[in-house]
Number of protein chains: 2
Amino acid sequence: MAKSPAPKKQKPMNAFYAQSGGVSAVINASAAGVILAAMKSKKINKVYAGRHGIVGALTEDLIDVSKESLATIKGLIHTPAGAFGSARYKLKSIEKNLREYERLVEVFKAHDIGYFFLNGGNDSADTCLKVSQLAERMGYPLTAVHVPKTVDNDLPITDCCPGFGSVAKYVATSMLEAGFDVEAMAKTSTKVFIMEVMGRHAGWITAAMGLAQTQPGTAPHVLLFPEIPFDEEAFLAAVKRNVDQYGYCAVGVSEGLHDKDGKFLAESGLKDAFGHAQLGGVAPRIAELVRGKLGYKHHWAVADYLQRSARHIASKADLEQSYAVGKAAVEYAVKGMNAVMPTIVRVSSKPYRWKIGVAKLTDVANVEKKMPRDFITPDGFHITPKCRNYLAPLIAGEAFPPFEDGLPAYVRLKNAAVKKRTRTDFKL
Amino acid sequence: MAKSPAPKKQKPMNAFYAQSGGVSAVINASAAGVILAAMKSKKINKVYAGRHGIVGALTEDLIDVSKESLATIKGLIHTPAGAFGSARYKLKSIEKNLREYERLVEVFKAHDIGYFFLNGGNDSADTCLKVSQLAERMGYPLTAVHVPKTVDNDLPITDCCPGFGSVAKYVATSMLEAGFDVEAMAKTSTKVFIMEVMGRHAGWITAAMGLAQTQPGTAPHVLLFPEIPFDEEAFLAAVKRNVDQYGYCAVGVSEGLHDKDGKFLAESGLKDAFGHAQLGGVAPRIAELVRGKLGYKHHWAVADYLQRSARHIASKADLEQSYAVGKAAVEYAVKGMNAVMPTIVRVSSKPYRWKIGVAKLTDVANVEKKMPRDFITPDGFHITPKCRNYLAPLIAGEAFPPFEDGLPAYVRLKNAAVKKRTRTDFKL
């Protein structure tokens, strides 16, 4: 990988850390990994965080992490969502909006920032790469490292994505529990239960629900993946078959389910800052279909943000990996490794062993890893043993947060602002 | 309360236990309480459970609980939903359908059943009372005790209802976590989050979400109770005020939200066996309203069965109470206390102390306890300190289930059938 230009006089530089895109139950553990490793490094002076991610850098709204107590920083390990604020804000290409990149360098220069850590998914890997390229082009000494995070599990190269294991554990546990519920009620009441989970294009979260089926005939009976175009007839036949055989049918469905023409079943008409359609509400549509065509009483759930913020049922494996990629990002950066991303390398599945590797951002940015076809059963409605073998270790182990008065005791930061130095305003 | 006629010769009789209505995260703990107490009593021989509740009694589909290992019975304490199957099946009045009551007595007589334990909510308290009355009228010696269970928390006399504390802990935790998520995203993305919970007529579960607001300005900002007719204008003003002031607004809404004319906002058109409308989908309707009138980007979640089956985040207080009412039901029954229900009596809130009391079923059946008006703030959109004082102890303490391979290790019963003795079929 490209070495970053060495800072002049080797004086310690400040680091900038930002959270990007949808948050997760464990992204703050990556933040803690970055911050605690930076505190140990002689090459890094202070850590500044972007208030609301990259937006904080553009508007020079930096947070002085050194104002937080060590206990609070460690508390991030058990606190979900983005403690510094995240952002859905896509930088345009350098050609189209040079001004934004120049502004970033202006702010970094003003605050002696020599290390740039962006914690996010596909889009932010691309942003991180572009910032690195522009800094280089402008001759500004910046080491940019992407810290992987996405509940969608769709980053390439890395075996899995920090944030995914916890949402996987949540949806598998929820499907297991709801399955017990439906099974108990089905004789005289609800026969079909539908649970909708995230995953716009990749069915990893949907697949994770499949882990709940620990014996034949139990929930979930049918999974609807975004990788498999929705076949109404085959789906209804599968539901009927399961109700006939087991008395009930639990269905897990991805928000990204689409028909053979690529049309999302639940498009809301809204688009986000990246131009992606905002989805939601496929579960009630499937439920309506089941009622209309088969006449079964149904219930449906849409987990939405609950699934990705459920720190109370986080995966220990995921938590450890999230912390580890944050720590490794700093270690790579201070070694001068630029435009890279720490990865999770699976050493073995049984017993589960992993280590931290590295990928070049040019190989990561904007590449989306979908489920391999052989992770999905031939009929398209469930996961294969191969998929189970891949997924099972990722939800292993519990890492309950501390509780106080019956609720998780999550930390809140002071998020003290760093004094502005550029004297220029910047309009987003 | 009325004493049941003493069984002839005082020989030990068998007990019948059935689960009724919607299940909960801890109803099986009540089952364990009943079974383990019955095993200790010299007056009770075997415990038979109804497969799918009262339906199992009518169809003589009894489960021989003695075929389960002690470890499995104890495992019920950490297993959600109804291990023997529950039922939504309402017995008509004795006048309208004497045949069903006579059938119950026929089955009880055939299996030497002298004790009847029905584990459910308002409707089943009524059923339990009627069965007791009919047995008395027919001169059959039966002691009937209702074991309280309802996530809706709407049974009278008892301070709270077993099952409620766990759903309360789940919804409060979920709202807390999702609130952190929205707060992190609001700057550039979702500004309004709406979470729908159960509670057809009583807003207890909605109120429990309010516990997540541990400091001003945090989620939830607005609660929509079934006790307060929906005022669109006031609601939209409240959402806007919170977004203006805090940058985001988290809304908790009851499935039973209705307008001033009593019309549910989310009526699906279906009715259950009790003639109650099946609800679901008020969250997307509120979301649509917020988008249409205020233009904010939103997300919404419908917890549905996830909330009431979430044994993984059960309340320790609730679990202990659920077990205790099951145990007390047996103790009352063998003392000859008939047509009663064990209750939870609050001794003090801080520290939380409670004991088991007793109520007559004639005082319980079909009485629905709504939220007192002074538990809801004058504007109708949040809970008062008095409500918080009531609710807080109910979610106290954690009681995590054992985990295996990353998932809760819930037990499944053999549910071995008892040999039929009546030689008559019964059509439901």
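Taken over the stretch A:134-242, the percentage of Cα pairs per 5 Å bin, counting from 0 up to the bin with the maximum distance, is 2, 11, 17, 18, 15, 11, 8, 5, 4, 3, 3, 2, 1, 0, 0. Mean-square fluctuations from a GNM of chain B, with a 10 angstrom spring cutoff on Cα atoms, peak among B:Gly50, B:Gly21, B:Gly247 at B:Gly247. The modelled label-to-label distance between A:Thr214 and A:Ala417, using points 7 Å beyond Cα along the C-beta direction, is 5.2 nm. Straight-line reach from B:Lys414: taking Cα to Cα under 13 Å and skipping same-chain neighbours fewer than 8 places apart, the aspartates and glutamates in range are B:Asp64, B:Glu68. Scalar couplings 3J(HN,Hα) for the stretch A:41-51, obtained by applying the Karplus form with A = 6.51, B = -1.76, C = 1.60 to θ = phi - 60°, are 7, 6, 7, 10, 8, 9, 9, 10, 10, x, 6 Hz; x denotes Gly and Pro.
Mind telling me which of B:Gly163, B:Gly397, B:Gly121 comes out most flexible in a GNM of chain B, alpha-carbon contacts under 10 Å? In the Gaussian network model the winner is B:Gly397. Note on the stretch A:325-355 and the stretch B:278-333: Cα centroid distance 39 Å, given to the nearest whole angstrom.
For A:Thr384, the residues whose amide H sits under 5 Å from its own are A:Ile376, A:Thr377, ignoring neighbours fewer than 5 places away on the same chain, with H placed 1.01 Å from N. For chain A, the longest principal axis of the C-alpha atoms and the axis of helix A:164-185 are separated by about 20°. Amide H to amide H, with H built 1.01 Å from N, A:Gly357 comes under 5 Å of A:Thr343, A:Ile344, A:Val345, counting only residues 5 or more places away or on other chains. Largest GNM mean-square fluctuation across B:Thr343, B:Thr79, B:Thr188, computed for chain B with C-alpha springs under 10 Å, falls on B:Thr188.
Among the residues of B:75-88, the average count of other protein chain beta-carbon atoms within 10 Å of the residue beta-carbon is 4.
When each of A:Tyr48, B:Tyr305, A:Tyr332 is scored by the number of other beta-carbon atoms lying within 10 Å, the sequence from fewest to most is A:Tyr332, A:Tyr48, B:Tyr305.
The phi torsions of the stretch B:66-76, fed into the Karplus equation with coefficients 6.51, -1.76 and 1.60 and a -60° offset, translate into couplings of 5, 7, 8, 6, 4, 4, 5, 4, 5, x, 4 Hz, rounded to whole numbers, with Gly and Pro shown as x. Computed 3J(HN,Hα) for the stretch A:304-316, one whole-Hz value per residue from the Karplus formula 6.51 cos²θ - 1.76 cosθ + 1.60 where θ = phi - 60°, is 6, 4, 4, 5, 8, 10, 6, 4, 5, 10, 5, 7, 5, glycine and proline marked x. Taking a Cβ cut-off of under 11 Å around A:Cys161, the surrounding Lys, Arg, Asp and Glu residues balance to a net charge of -2, with basic ones at +1 and acidic ones at -1. Beyond 30 Å in Cα-Cα separation lie the following of the pairs A:Lys149/A:Lys350; B:Lys74/B:Lys427; A:Lys419/B:Lys187; A:Lys149/B:Lys191; A:Lys46/B:Lys297: B:Lys74/B:Lys427; A:Lys46/B:Lys297.
Counting, for every residue in B:166-177, the Cβ atoms of other protein chains within 10 Å of its Cβ and taking the mean gives 5.
No value in this document is a laboratory result; all are computed from the given coordinates. Quick caveat: nothing in here was measured; it's all calculated off a predicted structure. Note: ideal-geometry Cβ built from the backbone for every residue, glycine included; neighbour counts use all protein chains shown.
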